[in-house]
Amino acid sequence: MSHVQIAIASPVNNVMKVLGIETSCDETGVAVYDRQNGLLAHDLFSQVEIHAEYGGVVPELASRDHIRKALPLIDSVIEQARIAPSELDAIAYTAGPGLIGALLVGAMLGRSYAWGLGIPAIAVHHMEGHLLAVMLEDRRPDYPFLALLVSGGHTLLVDVKSLGCYTILGESLDDAVGEAFDKTAKMLGLPYPGGPELARLAKQGNPQRFKFPRPMTDRPGLDFSFSGLKTFALNTLASVPGSAQDRADIARAFEDAVAETLFIKCRRAIKETRFKRLVVAGGVGANQRLRERLGDLDAEVYYPRPEFCTDNGAMIAYAGLMHLEAGQTAALNVEVKPRWSLDELHSGTRSGLGSSQ
Ligand code: KG4
Ligand code: ZN
C-alpha cells in the first residue's frame, strides 16, 4: 500500500472534462472542471455535525459517511454540470495524504468509475490540490512562486518552480497551524472545527491585553512550531477567571501571534528566494486577519476564494487535469498514501500513484 510507482504516458491533449473527488478527511467534495469553460459544478458534503459531538474527526465515522455520500454527490454534481457521465474525459481522486479509510473510499470509487466509463483516472496529492486551487480564480499567478500552505494537517512553505516541481523550504516541526487553531479553540470551549470559531471570537478580543510569543522567529530558517502557542493559551487561560471577555482576548492574542509568525516567515522566505509572488492556500488561508497581515508583504499575494481554501473537489479536478495533460494517469490497482510528502512529486520522476491506463 505504501509503495507507489508511476509510468509516464504520452501527454493527453484532448482531455476536456474532469470529475474531481476529494475524501481525504471530513469533507466529501466533488466537482467537474472543463478545460475550456472552467468549473462547471462543485458541491460539498461536510461531516461537521457528525464529528462535532466528539470534538474532532473520528476516522471510522468519516470513512462510513464518505461511503454514504460520495456516490449521490457525484450523481448530483454531474447533473448540476449539465453533462452525461459519458461526457467525462477523466476522473481525479485524492490519493493522499489523509485518513487511510477516507482516502480509500474516494480512490476506490474514482478508480472504478473511471474504469467503468473507459476513461483515465489520476491520483492527486491533496496538498498539491490546495496549492493549485488558486488557479481556479481569475486572478492567478504565473510560475514560479512561493506558496504558504496552511491546513489542519500541514504548514508548508514551498518553492514552486512549475507544475509538479516543488521544494519544501520550511514546515512545522510539531502541530500544523490549523491543528493549533483547533486545539486552542477547544480549550476555549469552542465547538469543532475550531479555526473559524476562534476567528469569530477573536473579533471581540482586545489585542493589547495579552502578548503571545512568535515561535521560532528569533532564529534562522523557515520551519515553524505551533504547539507552544497552544500551551501558552492554556497557561494564560489558567491565570484569569475565564470570562467571555478573557476568552475573546486570548483568541485575539493567539490569532495575532499566528498571523505575525506566518508573516515573518513569509517575509524571510521572500527575501531569501526573491520570489515576487506568494500563494496562500489551505483552510487557514481563509483567515481574514492572516490575509490582512500578509497584505503588508513586499510581494503580490494570491488566494483561492475562502471556500476553495478549505477542502473541496474543484482543486482535485483541476490538479487532475494538469497531470493528465502531462500524461500522468493512475494504474488500475488502487493505492493510497496516508503520508506523502509534496516534494516527492516531480514531473517525469513523479512518485505519484500508478501508471498509465
Ligand atoms: O485545508 P483544510 O480544509 O483541511 C485540511 O487539509 O486539513 O483545513 C482545515 C483547517 C482546520 O484546522 C480549520 O480549523 C482551519 O483549517 N480553518 C481556519 C479557518 N477556516 C478553516 N482557521 C482559521 N481561520 C479560519 N477562518
Ligand atoms: Zn485540505
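The values are calculated or read from the model by the stated rules, or taken from the named source; none is laboratory data. Remember, it's a predicted structure, so these values are computed and weren't measured experimentally. FYI the Cβ positions are ideal-geometry reconstructions off the backbone, even for glycines, and counts take in every protein chain you see. Each accessible area value is taken on the protein alone, full model and side chains, heavy atoms only, with ligands, DNA and RNA left out. Shrake-Rupley method; radii C 1.70, N 1.55, O 1.52, S 1.80 Å.
Brief remarks follow.
- If the condition is being modelled with pLDDT of 95 or more and open to solvent by 30 Å² or more (accessible area, probe 1.4 Å), then segment 1-26 contributes Lys17, Cys25.
- Top-ranked residue of segment 117-170 - restricted to ones that are surrounded by fewer than 20 Cβ atoms within 10 Å (Cβ to Cβ) and among the polar types (S, T, N, Q), ranked as nearest to ligand 2 (Cβ to nearest atom): Thr167
- Residue in segment 28-39 that is closer than 16 Å to Tyr192 by Cα and either out of contact with any Asp or Glu (no Cβ under 9 Å at 6 or more places or on another chain) or of a type in the set (Ser, Thr, Tyr) (or both) present: no
- If the condition is being crowded, with 21+ Cβ neighbours inside 10 Å and away from ligand 1 (no atom under 16 Å from the Cβ), then segment 323-344 contributes His323, Leu324, Gln328, Thr329, Ala330, Val334, Glu335.
- Within segment 148-185, if we keep just the residues that are β-branched (Val, Ile, Thr) and under 15 Å from Met127 (Cβ atoms), the residue that is farthest from ligand 1 (Cβ to nearest atom) turns out to be Thr167.
- Filter pass, Asp75 being open to solvent by 80 Å² or more (accessible area, probe 1.4 Å) and either under 16 Å from Ala317 (Cβ atoms) or assigned to a helix (DSSP H, G or I) (or both): yes
- Cβ pairs under 6 Å, 6+ apart, first in segment 58-71 and open to solvent by 10 Å² or more (accessible area, probe 1.4 Å), second among the aliphatic types (A, V, I, L, M): Pro59/Leu99; Leu61/Ile50; Ser63/Ala102; Ser63/Val105; Ile67/Val105
- Any hit, segment 177-199, residues being more than 23 Å from Gln245 (Cβ to Cβ) and among the acidic types (Asp, Glu): yes
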